[in-house]
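Q: This is the structure I have questions about; it appears just below.
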Amino acid sequence: EKVLPFFNLSSQNMTYDTDINAHGITFSSLSVDVKETLKGIHAIFAGDTLTIDGSVEFPIVLATNVVINGKVDRDALIFAESVFVTEDAEIANDLTVFGGSLEVRGKVNGNVLGAVDNLYISGQVEKDVRVQARAFVFENETLDGYGQELDRLEKFLAKYTNNKVTISWTGVSSTSTD
């Protein structure tokens, strides 16, 4: 178990398969896989995909793709083309994303924040969703908060329908499917 801050640099795929109890910085020109527990603040730069199957206390990420299957013990700050939070994933506090697409199927105990092109939420968000996006899709009633950009009709549709709700960023149109 590492206890000092660390710096890893690799031109190959990297895998964390042992617990690490230290702050760290990771650079990989390919993919990074987290299979165990990383405690502390971790800046992770992946040229391709970051996959979190274990847990990371506080990730700060710059990657092409991010897949969270495991747990984030505090906040997550992510800059990526696509971010996928699976059904098995849990974010203990806030999830902040800047990038192309964000899909949340798991649980976020805090807020979902940021700016993306496309936002899809079918998981559980305990607090607010404050994301600037071109297109929103909410598929359940677990959203308690909404971005200020949504008008009252769109809030009503997103909150109270059991059917799929699509809300455009411009607020011009919103559609619901039966």
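Q: Need the failing condition index for Tyr120 against (1) farther than 19 Å from Val67 by Cβ; (2) modelled with pLDDT of 50 or more; (3) not polar (S, T, N, Q), just the number.
A: The single condition Tyr120 does not satisfy is (1).
Q: Filter segment 98-128 down to residues that are of a type outside the set (Asp, Glu), assigned to a strand (DSSP E or B) and open to solvent by 50 Å² or more (accessible area, probe 1.4 Å), then give me how many there are.
A: First, pick out the residues of segment 98-128 that are of a type outside the set (Asp, Glu): 98-102, 104-116, 118-125, 127.
Of the ones still in play, those that are also assigned to a strand (DSSP E or B) are 98-102, 104, 107-108, 112-116, 118-121, 124-125.
From what's left, open to solvent by 50 Å² or more (accessible area, probe 1.4 Å): 98, 107, 118, 124.
Residues in segment 98-128 being of a type outside the set (Asp, Glu), assigned to a strand (DSSP E or B) and open to solvent by 50 Å² or more (accessible area, probe 1.4 Å): 4 in total.
Q: Something else about it: For segment 31-66, how many residues meet the condition of being under 18 Å from Val116 (Cβ atoms) and open to solvent by less than 40 Å² (accessible area, probe 1.4 Å)?
A: Qualifying residue count for the region: 6.
Q: Output yes when any residue across segment 50-63 is closer than 23 Å to Ala22 by Cα, outside any strand (DSSP E or B) and not β-branched (Val, Ile, Thr), and no when none is.
A: Taking every residue of segment 50-63 in turn, at least one turns out to be closer than 23 Å to Ala22 by Cα, outside any strand (DSSP E or B) and not β-branched (Val, Ile, Thr).
The values are calculated or read from the model by the stated rules, or taken from the named source; none is laboratory data. Worth saying up front: this structure is predicted, and the values here are computed from it rather than measured. Glycine also receives a Cβ, built like all others from the backbone with ideal geometry; neighbour counts cover every protein chain displayed. All accessible areas refer to the heavy atoms of the entire protein, side chains included, with ligands and DNA or RNA removed. Shrake-Rupley method; radii C 1.70, N 1.55, O 1.52, S 1.80 Å.
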